[in-house]
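Okay, structure first, notes after.
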Amino acid sequence: MTRILVIGLGPIGLAVAKVAAASRGVSLVGLVDVDPNKLGKTLKQLDPTSSVDGPKVVASIDDVKEADVAVVCTTSFFDKAAPLLRACISRKWHVTSSCEELAWPAYRHAALAKEIDHEAKAAGVAILGTGVNPGYVMDLLALQISSMVAAVTKVRCVRRVDALTRRLPLQQKVGSTMTVEHFNDLKAKGAIGHKGLAESIAMIATGLGRTVVSGSVKESLEPLVATSPIQCGLGLIEVGKVRGMHNKGYWSGDGLEIELDLIMACAEPNPRDEIELSGPVPLKITVPGSTPGDSATVAALVNTARLLPCVNPGLRTMLDIPAAPAR
């Protein structure tokens, strides 16, 4: 039985706790969050649909006695997550996390990644970043499909997500109801946009035998505006206001091109995932409706948590671990 601790009880962390509490092969032993409104409450008090009462929320990992794996859902940035990762390593806890930059941390933070890797190996624990994207749909899945061809000259991944079907924090993340001016101001500050496209590209390139140098991925971000009124969880999106965002990532080198094209927007038509491999034998797959993002990330975190105690220690990626099927 793998003992799981969840750190960060936003919508994803809380859903992880609920699934873990009801899953075979794992035991939910701790909940950590700094929100004073959550402290002292049980899982069932936070989510009445939970099948079990669960442990009470505490403010610090110092208040958790024992665990095998920490599921960290606190930040998208590897350098900001590093102090918490180190605290988990010092307690000899494995970590699986939804931190997007942790999916391929060496791209933006090579020196820090080496340090964390060394510390994790010394402690005998594995550290992993995973989720739906990055972690699967726009990186690992393309590599798995490429096992059916002998050569690839281009990888193109398209993901279209209707944000109306997603949690409120994601609707906020994509800029829903903002003015274009506000969106562009946040864009200039690096305070909006999807995190992880460059990390996904680095993962794909490595899987296909290439190396992506830090800073070599070209990324773009543009707002998408409503052409008719749209009611979302944040209120009414008026005509001309932002309904979502369009992110792209591109890299080429050593006979290979990688293009990632992501739209997450309210009322986005024809949601889907597409992966297209070019080469002597082209191959294309489509997932109608797109992979459900929130539940998929939760599943990835719980399913990989079961595996980590058996994974070689160190800073790992989805290329390093075996398949993590549902239970």
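A short reminder: the numbers here are calculations on the coordinates, not readings from a lab. Everything numeric here is computed off the predicted structure, so don't read it as measured data. Glycine also receives a Cβ, built like all others from the backbone with ideal geometry; neighbour counts cover every protein chain displayed.
For Lys56, the aspartates and glutamates whose Cα comes closer than 12 Å to its Cα, not counting residues fewer than 8 places off in the same chain, are Asp33. This model, with +1 at the C-beta of Lys and Arg and -1 at the C-beta of Asp and Glu, gives the range 140-291 a dipole about its Cα centre of some 220 debye.
In terms of packing, defined here as the mean over residues of other Cβ atoms within 10 angstrom, the peptides 21-34, 300-313 line up highest first as 300-313, 21-34. Total lysine pairs in the range 140-291 at Cα distances under 20 Å, for residues eight or more apart or on different chains: 19.
With the simple model of a label 7 Å out from the Cα in the direction of the Cβ, Glu66 to Val52 spans 1.5 nm.
When only Cα pairs under 8 Å and 6 or more residues apart are kept, what is the percent relative contact order across the chain?
Relative contact order of the chain: 21 percent.
Would you be so kind as to identify which of Gly209, Val69, Ser176 lies farthest towards the positive end of the dipole of the chain, taking Lys and Arg as +1 and Asp and Glu as -1 on Cβ and the Cα centre as origin? Farthest towards the positive end: Val69. Annotation: peptides 79-89, 224-234, ranked by per-residue average of other Cβ atoms within 10 Å with the highest first, follow the order 79-89, 224-234. Once backbone amide H atoms are built at 1.01 Å from N, Thr153 has Ser278, Gly279 as its partners under 5 Å, excluding neighbours fewer than 5 places away on the same chain.
Rounded to the nearest 20 debye, the dipole magnitude of the chain is 540 debye, with +1 charges on Lys and Arg beta carbons, -1 on Asp and Glu beta carbons, and the Cα centre as origin.
Only lysines eight or more places from Lys121 in sequence, or on another chain, were considered; those with a Cα closer than 20 Å are Lys92. Just check the chain against the gyration tensor rule for me: Cα atoms, a ≥ b ≥ c as the square roots of the eigenvalues, rounded for a/c under 1.5, and otherwise prolate or oblate depending on whether a/b exceeds b/c. Because a/c hits 1.5 or more and a/b fails to exceed b/c, the chain counts as oblate.
Note on the chain: GNM, Cα springs under 10 Å; of Leu315, Leu128, Leu221, the largest mean-square fluctuation is that of Leu221.
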